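Presented below is the structure to which this report refers.
Values in this text are rule-based calculations from the coordinates and carry no lab data. As the structure is a computational prediction, the values presented were derived from the model and not from experiment. Because the Cβ atoms are built from the backbone with ideal geometry, glycine has one as well, and the counts that use them run over all protein chains shown.
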Amino acid sequence: MDNPASPLEQVHTEIAKACKASRREPGDVTLIAVSKTHPAEAIAPLLGEGHRVFGENRVQEAQEKWPELREQFPDVELHLIGQLQSNKAEDAVALFDCIHSLDRPSLLKALAKAMDKADRRVSCFIQVNIGSEEQKGGCAIDALPDLLEQARAAGIPVIGLMCIPPAEIEPAPFFALLAKLASENGLDQLSMGMSGDYPTAVMLGATHVRVGTALFGARS
Ligand SMILES: *Cc1c(COP(=O)(O)O)cnc(C)c1O
């Protein structure tokens, strides 16, 4: 019997192809399955296939969904990929293993305080507003060195940079710019690439791709 490749297998295949084309190792790319809006029943098949790294964009939704799933799968690794309000910093530090949306001094202070209080260090990416879009989250490119220095001084483990490029235009130049900024600032992890562009992101150095639709189908 011929089993068609699952969405998870297909995405892994695309990542492997992009790695081969750019002489990278597939093991250096972490696939974050973005399960936002999808219920536990939709997540179960991926867990069944052995996938353990997931992304959510809202603290409250993750709090409702993940504690129960984690009882069954204690080795799940949860990433917060959406914007974070400072008043949710404590909840985020308690629940997530990695935060991709550190983007301003007020949030930095709230996270540092929450990590101290919980005596738990959560790895963070600084989100950069890579297309300088007014409505988008992320710190301005010019503000990055300062924010990074403040984060380091506050004891926040910043491991890399994250971006969401402007919609509807070729993302490659923005991925390349994020990689350049990371290297200039002594950071080696890059959270970039979504369902529509993760192979490009991998070829430009992504260490974490955030893929939802290609794994779970369209969100309603
Ligand atoms: C929803 C979301 C994704 C996943 O988007 P898809 O196009 O469904 O793969 C990735 N990153 C962030 C920040 C998101 O909010």
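General observations
- Linear extension gain, residue 60 paired with residue 172, 0.36 nm per residue minus alpha-carbon span: 37.0 nm
- The stretch between residue 52 and residue 119, if pulled fully straight at 0.36 nm per residue, gains 21.7 nm over its current Cα-Cα span.
- For the chain, a simple Cβ point-charge model (Lys and Arg +1, Asp and Glu -1, everything else neutral) yields a dipole of about 280 debye relative to the Cα centre.
- Helix-derived mean residue ellipticity, 222 nm - over the chain, DSSP H n ≥ 4, -39500 (n - 2.57), to 500: -12500 deg cm²/dmol
- Largest first, the extents of the alpha carbon coordinates of the range 1-64 on the three principal axes equal 40, 33, 15 Å.
- Three-way shape label, the range 78-128, alpha-carbon gyration tensor, a/c 1.5: oblate
- Reduced Cα scattering model of the range 118-193, Debye log10 I(q)/I(0), q = 0.12 Å⁻¹: -0.32
- The residues packed around residue 167, meaning those with a beta-carbon under 12 Å from its beta-carbon, carry a net charge of -3 if Lys and Arg are +1 and Asp and Glu are -1.
- Proximal lysines to residue 36, defined as alpha-carbon separation beneath 22 angstrom and excluding residues fewer than eight positions away on the same chain: 65, 88, 136
- Cα convex hull of the range 7-216 - mean projected area over all directions, nm²: 11.1
- Ranked by how many other Cβ atoms sit within 10 Å of their own Cβ, fewest first, the residues 22, 86 fall in the order 22, 86.
- The chain, relative contact order [Cα under 8 Å, separation at least 6], %: 21
- For the range 32-131, the relative contact order comes to 22 percent (Cα pairs under 8 Å, sequence separation of at least 6).
- Computed over the range 1-125, the alpha-carbon pair-distance distribution with 10 angstrom bins reads 12, 37, 31, 17, 3, 0, each value a whole percent.
- Geometric descriptor of the range 44-85, per residue, is 66 Å³ (volume of the convex hull of the Cα atoms).
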